[in-house]
1. Given the Cα-Cα distance of Asp170 and Thr155 and 0.36 nm per residue of separation, how much length would full extension add, in nm?
2. Only helical DSSP H runs with n ≥ 4 go in: add -39500 (n - 2.57) per run for the chain, normalise by residue count and round the 222 nm mean residue ellipticity to 500 deg cm²/dmol.
3. Amide H to amide H, which residues 5 or more places from Val39 or on other chains are under 5 Å from it, using H placed in the peptide plane?
4. Please work out whether segment 1-123 counts as rounded, prolate or oblate from its C-alpha gyration tensor, where a ≥ b ≥ c are the square roots of the eigenvalues and a/c under 1.5 means rounded, while otherwise a/b larger than b/c means prolate and anything else oblate?
5. Taking a ≥ b ≥ c as the square roots of the Cα gyration tensor eigenvalues, with a/c under 1.5 meaning rounded and otherwise prolate when a/b beats b/c, else oblate, which class fits the chain?
6. Could you give me the ³J(HN,Hα) list for segment 138-147, computed from phi with Karplus coefficients 6.51, -1.76, 1.60 and θ = phi - 60°, whole Hz, x at Gly and Pro?
7. With θ taken as phi - 60° and the coefficients 6.51, -1.76 and 1.60, list the Karplus ³J(HN,Hα) couplings across segment 234-245 in order, rounded to whole Hz; mark glycine and proline as x.
8. Whole number in Å², please: accessible area per residue of segment 149-227, 1.4 Å probe, ligands, DNA and RNA not counted.
Amino acid sequence: MAYTHMAAVYDQLMAETPYGKWLDWVEQAWGEQNRPSHVIDLGCGTGTVAISLAKRGYRVTGVDLSAEMLAIAYDKMRREQVDVSWVEQDMRELSLTPADAVISLCDSLSYLTEEEDVQETFRRVFSQLTQGGLFLFDVHSPYKILHGFGDATFTYVEDEVSYIWQCFCDPLRTEVEHQLTFFIRQPSGLYERVEEEHWQRAYQPIQLMRWLADAGFSDIKLTADFLDLPPHAESERLFFAARRPKD
């Protein structure tokens, strides 16, 4: 499900997100010798990473399912005076000009809650990459879904926006339903109540690695939690790097 109401307050809610760590990770994975000329940012949201990459000199195409998120990304791009191409598209139907790098960060792929959707997305990404191109992404681990979210309730209270975030976990599917109720201050001073529901699912790392290989990828590397180390039982975020081989 695409973000709608949440788009307007997304950047405020994500103000403490360590985007710099994601940027460092992707640039380290590319290395100086394999710096891409064209990057597709899949599930780009409000464009924070895409715009940052553009400011560093990359040609970037940001792809997202949410028109509301892309509208905010466009306004941010204009303020930052950089150039990013924005495309409203389902990642399961990805069809663009080929690029030599595809990234999908901030657990965007965790919103794919059916195995076939993940597999189809991997096939689409493979077809979008030029030979030797890298696919970099991160997802929630099963541990994060079961123990980080579980059946917890989170709250956030500020003058402009507050929320109640309830999580309902299905342990058999390692899937969590996020029920979000926002109270957003309007120019009148009154608060508008809006609600959204989102689902995220975690897959076993061995499944994801197998599906990447089935799609044609090679040189598949798995690390966790922004460290260049393999995951352990309580790792919360899994990072994958996979390459489209050269013929």
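1. On the way: separation 15, 0.36 × 15 = 5.40 nm, distance 2.13 nm.
Residue separation times 0.36 nm, minus the Cα-Cα distance, leaves 3.3 nm.
2. Result for the chain, helices only: -7500 deg cm²/dmol.
3. HN-HN under 5 Å from Val39: Arg59, Val60, Thr61.
4. Details: a/c = 1.43, a/b = 1.05, b/c = 1.36.
Verdict is rounded for segment 1-123.
5. On the way: a/c = 1.87, a/b = 1.26, b/c = 1.48.
Oblate, since a/c reaches 1.5 and b/c is not below a/b.
6. So the J values, rounded to whole Hz, are 10, 9, 5, 7, x, 4, 5, 5, 6, 10.
7. 10, 5, 9, 10, 9, 10, 10, 10, 9, 10, 7, x
8. Heavy-atom accessible area per residue stands at 56 Å².
The values are calculated or read from the model by the stated rules, or taken from the named source; none is laboratory data. Since this is a predicted model, take the numbers as computed values, not measurements. Cβ: placed from backbone, ideal geometry, glycine included. Neighbour counts: every protein chain shown. Remember, those area values only see protein heavy atoms, side chains included, never the ligands or the DNA or RNA. Shrake-Rupley method; radii C 1.70, N 1.55, O 1.52, S 1.80 Å.
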